[in-house]
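The values are calculated or read from the model by the stated rules, or taken from the named source; none is laboratory data. In this text, all values refer to a predicted model and were calculated from it rather than measured experimentally. Neighbour counts are summed over all protein chains in view; Cβ atoms, including those assigned to glycine, are modelled from backbone coordinates with ideal geometry. Heads up: the accessible areas ignore ligands, DNA and RNA and are worked out on the full protein's heavy atoms, side chains in. Shrake-Rupley method; radii C 1.70, N 1.55, O 1.52, S 1.80 Å.
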Amino acid sequence: MGRVAVAVITVLPLLPSLRAAFVYDDTTVIRDNAMLRGWDALAKVWTSPYWPSDGPQSLGLYRPLQLALLSAVWNIGQGSARSFHVYALCLAIGVSFSLWWLLRRGSDVAPALIAAIWFAAHPLHVEAIASVANTSELLVMLATLGMIRLLWHSTSGDGWLRAIGLALLAAAALAAKESGLFALPVAAITVWGWNRRSAREDIRAFTVNRLRYWVAAAVGIAAVIAARLVVLGTPVANGSIAAQGLDKLGAGERVLAMMSLWPRIVAMVVWPFHLAPYYGPTSFPDNRIAFALIGALLLALFAAVATHASRRGDRRPTVALAWIVLTYLPASNVLAATGQILSDRTLFGVTAGGALLLAWALDIAPQRYQRMARLAFVLVLGHNLIVGTQYAIAWTSHRTLWQRLAEVSPNEHMSYKLLGMDARGRGDNEHAIAYLNRALSMVPTDRQIRFELGQAQYAIGEFAPAVVTLAPLLRDTDVRSEPQFVALYLDATGRAYGAAAVADAARRLLHTEADSVATRFLRAAEAQLQRKP
C-alpha cells in the first residue's frame, strides 16, 4: 500500500508534463542535438562534452551517462517528447521508491511513509522532472541510494563483487552530473548514521572495515575524472561561468550574498512559493547582511540539534544535515561561482535531507503531538500538490514558462527577454519588440537582447530604430566577425538613411574583422551614388 501511495503522489502533480513539448534546455540538449540520434550515439557521447554547441574547454561539463540514456530514449521513442517525459516520470518513481526504502530503515512505518509522500509531492522537483535535461539530478540520487543499499549490509568479509558494484555506482553518479562527486560521502554518512538504535560502529571502525569499498569507489571516480580530462582537457571550466549578479562580486561578497538566500531556501523547502525557472540578481534581498545572519543562525541551530542528538547516540539528524549540506554545496556558489544563482533542481537532494529530518522528528515526537503533526501534514501535502500541478502546467510550453517567470519576478529582465525571443520565433514581432525593449531598459549591456530586438525591428520595417539598437554591438570584435550581423546592420542603415549613410558606416568598418562585408556594401553604395544625377 505504501508503494502505491508513493507512486501515485509522485506522478499526480506531474501528469501535465506528459503533454509538454521540448522546453527550455530540452530544446538544445535533446530536440536539436544530432549527437543523440542513432544507436552508435551510446558510445559517441562518452567522447563528447555535454552541451552540443560546446567545444573542448568551454563550460567544463561532461555528463556521458545522462546523454547515453537520453540517446536510448530518443532512439526507442523516435524523438517523441512524450517518451522523454515518460522516462522522467519513471526515474522519479524510482527515486521515491528508493527513498521510501531508506526512510523505513531509520524510522517507524508511519513517519517513513509521511516523509516519503512529502518528498514525492514536493514542487521543487518539477523542474528536475518536467525538464528532461535536468533528470541528471535524479540519476545522481538513484546512484547515491543504490550505493546506500549496497553498503547497508556490507561487512569486512564480503567479496569484491559488492565493491565493484559500488565502484560502478560511484562512477555513474559522476558521469551523470558533476555534483555526483559528493554521492559517495553522502552514501557513506547515511549508512554510518541512519539507524534508530545507538551507533554500532565509531567512524574509524566503520571506515577501516569497508576499506575495499572506498578503494573500489575511488577507482571508479578516478576513471570518470580521467575520461573528463581527455575529452575536455581540463577538470573544470577554464573561464568564468559565473551567473549574472555573481560575476562582479568578490569571493567574500559572493558568499555573503548567497548566505542571504538561505532563509528563502528554507521557505522554499518547507512551504514552496514563487517557484520559477530562473532566479536572477533580483532574488537577493535588500538587506543581505541581516538575512545572511539569519541563514547562519538557522544552520548553526540545525548543527546544534544534530550534535546534541549524536552525543545521545542518535546520528539521524547528522545524516539529514549531511544530505542538505553536501547535495547543495556544489551549486551553492560558496566554493566557486557557478552558472546560476539559485535553481529548483539543485535543491533536489536538499528535499531528500528534509524528508530524513521529517521522518526523524515524527519518529521521536511524543504521542500527544502525532495527531497535530498529521493534520499539519495534510495541509502541507494539499498545498504542495496544488503548487506542483500549477508549476508543471507552466512547464508545458515556452510561453507559459516565461509568463510564469514574469509573474513571479516582474523586475527580472530574463522573463521579458525570453518572452520576446519566443514571440519573435513565432513571427509576432510587435509583441517581441515590446518585451525586448522592456528587457533592454533593465539590462542595456545584454548583447543578445540587442541582437534579438534589432532583428525584430528590421523584420517589421523599423530600420532606423534597428540601426540605433544594433550599432553598439559593433564595438565587439566577436560581433564584427559575424558577416550576417554586419550585413544586417549595413542593410538597415541603407534602408533607413540611404546609400551615403551606408558608405560612411562601411568605411568605419574597413580594416576590421568586418572588412570583407564592409567592402562589398561600400562598393554597392558608391555605385548607387554615382548613378544619381
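Tabulated results
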quantity: The chain, accessible surface, carbon-and-sulfur percent (1.4 angstrom probe); calculated: 61
quantity: Distance in nm between pseudo-label sites at Glu201 and Ala72 (7 Å out along the Cβ direction from Cα); calculated: 3.1
quantity: Helix-derived mean residue ellipticity, 222 nm - over the chain, DSSP H n ≥ 4, -39500 (n - 2.57), to 500; calculated: -21000 deg cm²/dmol
quantity: Rounded to 10°, Cα long-axis angle of helix 81-106 versus longest principal axis of the chain; calculated: 30
quantity: 5 Å binning of all Cα-Cα separations within segment 1-112, expressed as whole percents from 0 upward; calculated: 2, 11, 17, 17, 15, 12, 10, 8, 5, 2, 0
quantity: log₁₀ of I(q)/I(0) at q = 0.12, 0.13 Å⁻¹ - segment 103-260, Debye sum with one point per alpha carbon; calculated: -0.72, -0.83
quantity: Structure-derived mean projected area of the Cα convex hull in nm² - corresponding label in (1) 25.1; (2) 28.1; (3) 31.3; calculated: (2)
quantity: Listed residues Tyr497, Tyr278 arranged by accessible area, highest first, probe 1.4 Å; calculated: Tyr497, Tyr278
quantity: Estimated distance in nm for a label pair at Gln370 and Asp478, the labels positioned 7 Å out from Cα along Cα-to-Cβ; calculated: 6.1
quantity: Inter-centroid distance (Cα atoms) of segment 391-456 relative to segment 481-532, Å; calculated: 31
quantity: Helix axis angle, 429-442 relative to the chain longest principal axis, alpha carbon, degrees; calculated: 70
quantity: Accessible surface, the chain, averaged per residue in Å² (probe 1.4 Å); calculated: 45
quantity: Area accessible to solvent at Trp160, 1.4 Å probe radius, in Å²; calculated: 130
quantity: Degrees between helix 183-193 axis and first principal axis of the chain (Cα, 0 to 90, nearest 10); calculated: 20
quantity: Mean Cβ count within 10 Å, highest first, over the residues of peptides 5-13, 448-456, 371-379; calculated: 448-456, 5-13, 371-379
quantity: Computed P(r) (all Cα pairs; segment 425-533; 10 Å bins; percent); calculated: 15, 44, 30, 10, 1
quantity: Under 13 Å, Cβ to Cβ, from His122 - net charge with Lys/Arg +1 and Asp/Glu -1; calculated: -2
quantity: Cα gyration tensor of segment 219-322 - equivalent ellipsoid semi-axes, whole Å, descending; calculated: 30, 26, 14
quantity: Extension gain from Ile164 to Ala110, taking 0.36 nm per residue of separation minus the Cα-Cα distance; calculated: 16.0 nm
quantity: Simple spin-label estimate for Ser397 and Asp491 in nanometres, 7 Å along Cα-Cβ; calculated: 3.0
quantity: Relative contact order (%) - segment 58-197, alpha-carbon pairs under 8 angstrom, separation at least six; calculated: 30
quantity: Eligible aspartates and glutamates near Lys44 by straight Cα distance, threshold 16 Å, same-chain separation 8 or greater; calculated: Asp54
quantity: Eligible aspartates and glutamates near Lys248 by straight Cα distance, threshold 18 Å, same-chain separation 8 or greater; calculated: Asp286, Glu412, Asp446
